[in-house]
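Input: a single structure, listed below in C-alpha cells.
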Amino acid sequence: MLERSAIAENALQALHDEDYDRPFNLQNLNHETMIFMGGRDVISLDGEWNFCVDLLDTGLRQKWFAMDPADPCDRQEPWDYDPYMGETVPVPSCWQMLQEKWYFFEGSAWYTRAVDFTPKADKRFFLRVGAAQYDCKVFLNGQFIGNHYGGSTPFFAELTDQLQQGRNWLMLCVNNVRTTDRVPMRNTDWFNYGGVYREVSLIETPKTLIRDLFVRLNPDPLVNDIDVSIAAEGADYARFEIAELGIAVDIPLEGGKGTASIPAAPLLWSPDRPKLYDVVLTAGGDRVCDRIGFRRIERRGRELFLNGRPLWLRGISVHEDDAVLGKVVTEDDLRRRYADAKQLGCNYVRLAHYPHHERAVALADEIGLLLWTEIPVYWAIDFDNPATLRDAENQLLEMVKRDRNRASVVIWSVGNENPDTDQRLAFMRHLADTARANDPTRLIAAACLVNHHKLKIEDRLAAHLDIIGINEYYGWYDEDFSELPKILANSQPDRPVVVSETGADADISDKGPKAGLFSETYQAEVYRSQIATLKELDFVRGMSPWILYDFRTERRQGIYQRGFNRKGLIAADKATRKEAFAILASFYHAMAEREAKEWETL
Ligand code: GCU
C-alpha cells in the first residue's frame, strides 16, 4: 500500500495527469476469459457495497483503490473518499433508481466490499459479474486485475493468485458515460442506466477447468447427430452424458479442445413442447451440467422452418426495463413478461437491443418461446474505429458463448437501424460472419432500414443475413400508410422478412389525449392497418411490434411521454393493457389455431 509521501505525490500528479485512465483500459476481461457456468456452485457477493459516485474520476487520479483500510482517526493525511466506509447501495441495482440525485448521473462510480477468504491449494477462484453498465474496472487488495467493456454481458476475472487468507477488499469502478467509441454510442432510445445491475459471485473450481461446452443438433436435417464442442484446461478427455438418451461418451481433448458427433433421436424442442434434456460433462475434477433442448431452425428461400415445419414468428419486442428497478430483472418480472407474451398469442419475443439477463433466455427455454437476441450496434456507431469493432465483436462472442446452448434462441441480431455506409457494411458483415463461424445452427439477422425514397427494402447488409428485419412505422412516423404495400410490393426479397418493429405511442393516463396522435384509439387503428397489410405478404414471416411495455428513455420529454416511450401495448405499470393488445392478440390466436389445424391434416 502507498506511503504518506506517495499519496501526497499522487494527489499532486493527479491534478495534472489527463492520461490517468489509460493503464486501466486493457479490456482484458472478455470472451476469452469466460468459463462455463452450468451447474456450478457460486458464492454470492450480492448485497450492500460501499458506494460513491465519482464524476471527475478522482478515484483513478488519486488511486483510491490503493488506499489502506484505516480508522479515520488514524489517517495522517486528508482524503477525498474512503472506500472502506460511508454510503452503501444494494448490488445488483442501477444507481439512477436509488436516489433522485443520481437519476441523470453519468460518470464513474465505485463499489467496494470485503471478501473473507480461506485459500484452498487445489482450487481456482473466479469473480463473475453478470453485467455492469458499461466499463467495469476490477481491483483486489489495491491491485488492478483488469476491465471489461460492454454493458450487457457477463465477465470473469481469475483471482486465484491475488486472493489472500482472511480479509480481501474487492473494488469495482463502473463508468456509464456515452462515448463515440462505445456500443451503443451516445444516442439511444432507451435509458442509460448505470451500475452493477446483475448478480456478482465468486466461483470455486478445481484446477482442471471446463471453459466452454456447446451442444446442438447437427443443422443438417438429414444428419441425426448431437454435436458437442468442449474447451477444458488440464484434462486429456471429457465424459459427456445425457442419461435420458442413454448417451455416455468419452471425448478426447487435444490442446484443451475436443469435439464429437453422437447419433441420437431426441424429442425436438418447440414452443408447444419445450422438451429439455439434462446434460452432464466431467473433465478431471471439474463437472458442469446444463438443461438443453434440441431443435432445428432453418430458412429455405423466403420461408422459415422449425423442426421441418413452416414457421411464422408471432412476436413482440421487449426492453429490460422496469419503472421501479430500472434494468434489474427479477424472476417474477420475467414470468409476467412471458405470460403477457403468451396471452398475446406469441411464439416469439425480440429481446431488444442488447443481451438480456441469462435467466430471460433460460426461462424462454423452459416455457417455450423463440427468441431474437441482439447486440447494441444501434443507430450511429463509429464503424471506422477498430476499437469499436473489437468491442462489438466481443459483446457478440460473449452473448453467443453465454446463450448458444439455449434452444429458445433462434436468431442472433448484429444490430439495429444503421446507415447503409461502406464502413457499416464491412463492420456488420464481419459481425454476421463471426456469429455464423461461432454458431452455424442459428439464423443471423439485423433490423434494417427501408429506403423511403425508392419505396423499397434496400440494404446492402441483407445479402449477408438469413433474415431481413425491417423497422417500419407507417401510420406513426410515416403518415402515408398507402406506401407500405407499395414498399413491400416493390421489394422482392430472396429471404424471409420479419417486421422487427412497428407501432405507435399511446398515453392512456388521464393526461393522455382521447383521440389523435398519442391516443389509445389511434394506436389501435395503426395496429389494425398494419395487420391487414402485413398478413397478405408471403415473404413476411413474422413480426415483433414495438413494444410490450412502455419504457423509460431520456430523449422523450413531451407532454404525453414524460420521459417514457409509450408504444407499449401495456403501460409502464406492466398491468394496464391498451386496446391494441387485444387487436394483436386476436390476430395471433387466430393464426395459431389455423396453423394447428393445418398441421393436424399434415
Ligand atoms: C426505433 C428503434 C427503437 C425506438 C423506436 C421508437 O425503431 O429501433 O429503439 O424505441 O424506433 O421510435 O419508438
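The values are calculated or read from the model by the stated rules, or taken from the named source; none is laboratory data. The model shown is predicted, which means the values in this text are computed figures rather than measured ones. All Cβ positions, even for glycine, are placed from backbone atoms using ideal geometry, and neighbour counts span all protein chains on display. Only protein heavy atoms, including side chains, enter the accessible area calculation; ligands, DNA and RNA are left aside. Shrake-Rupley method; radii C 1.70, N 1.55, O 1.52, S 1.80 Å.
For a protection proxy built on the mean count of beta-carbon atoms within 10 angstrom, sort 146-155, 439-448, 236-245 highest first, please. Let's see the in-between values first.
Details: 146-155: 25.9, 439-448: 21.9, 236-245: 17.1.
Highest mean packing first, the order is 146-155, 439-448, 236-245.
Sequentially through the range 26-41, phi angles give Karplus couplings (6.51, -1.76, 1.60; θ = phi - 60°) of 8, 6, 8, 9, 8, 4, 6, 9, 6, 10, 6, 9, x, x, 7, 6 Hz, Gly and Pro residues having no value and appearing as x. Ranked by the mean number of other Cβ atoms within 10 Å of their residues, highest first, the peptides 20-31, 189-200, 509-520 come out as 189-200, 20-31, 509-520. The lysines whose alpha-carbon is closer than 26 Å to the alpha-carbon of LYS578, local same-chain residues fewer than 8 away aside, are LYS327, LYS342, LYS511, LYS514, LYS535, LYS567. Only protein heavy atoms count here; on that basis, with a 1.4 Å probe, MET543 has an accessible area of about 0 Å². Taking chymotrypsin sites (Phe, Trp or Tyr not before Pro) across the range 408-506, the ones in a DSSP loop with at most 13 further Cβ atoms lying within 10 angstrom of their Cβ are TYR477. Using the 1.4 Å probe convention, the accessible area of the chain works out to 39 Å² per residue with neighbouring protein chains retained. Among 275-285, 353-363, sorting by the average number of other beta carbon atoms lying within 10 angstrom of each residue, highest first, gives 353-363, 275-285. Working from label points 7 Å from Cα in the Cα-to-Cβ sense, the ALA575 to ASP433 distance is 5.3 nm.
So if R0 is 22 Å, what FRET efficiency would ARG528 and ASP480 give, r being the distance between their Cβ atoms, rounded to the nearest 0.05?
Working: r = 17 Å, r/R0 = 0.76.
With R0 = 22 Å, the Cβ-Cβ based efficiency is 0.85.
I'd like the carbon and sulfur percentage of the solvent accessible area for the chain, probe radius 1.4 Å, heavy atoms only, ligands and nucleic acids excluded. Show your work: numbers first, answer last.
On the way: 12180 of 23410 Å².
Its accessible area is 52 percent carbon and sulfur atoms.
Between ASP181 and GLN99, full extension at 0.36 nm per residue minus the direct alpha carbon distance yields a gain of 26.6 nm.
Applying a DSSP loop filter and a limit of 10 other Cβ atoms within 10 Å to the chymotrypsin sites (Phe, Trp or Tyr not before Pro) in the range 305-388 leaves nothing. Fully extending the segment from ALA489 to ASP220, taken as 0.36 nm per residue of separation minus the present Cα-Cα distance, adds 93.6 nm. Dipole size of the chain about its Cα centre, with +1 on Lys/Arg Cβ and -1 on Asp/Glu Cβ: approximately 1440 debye, rounded to the nearest 20. Pairing the Cα long axis of helix 358-367 with the longest principal axis of the chain, what angle in degrees results, from 0 to 90 and rounded to the nearest 10? The answer is roughly 40 degrees. Looking only at the chain, where both bridge partners belong to it, what percent of the DSSP beta bridges are antiparallel (to the nearest 5)? The antiparallel fraction comes to roughly 75 percent. Taking each DSSP H run with n ≥ 4 as -39500 (n - 2.57) and averaging over every residue of the chain yields -6500 deg cm²/dmol at 222 nm. Translational diffusion of the chain was estimated from the Stokes-Einstein equation, with Rh taken as the Kirkwood radius over Cα pairs; at 20 °C and 1.002 mPa s the coefficient is 84 µm²/s.
Over all directions, how big on average is the projection of the convex hull of the alpha-carbon atoms in the range 96-183, in square nanometres?
Spelled out: convex hull of the Cα atoms, projected over all directions, averaged, 6.7 nm².
The mean of 1/r over all distinct Cα pairs in the range 484-563, once inverted, gives the Kirkwood hydrodynamic radius of 14.4 Å.
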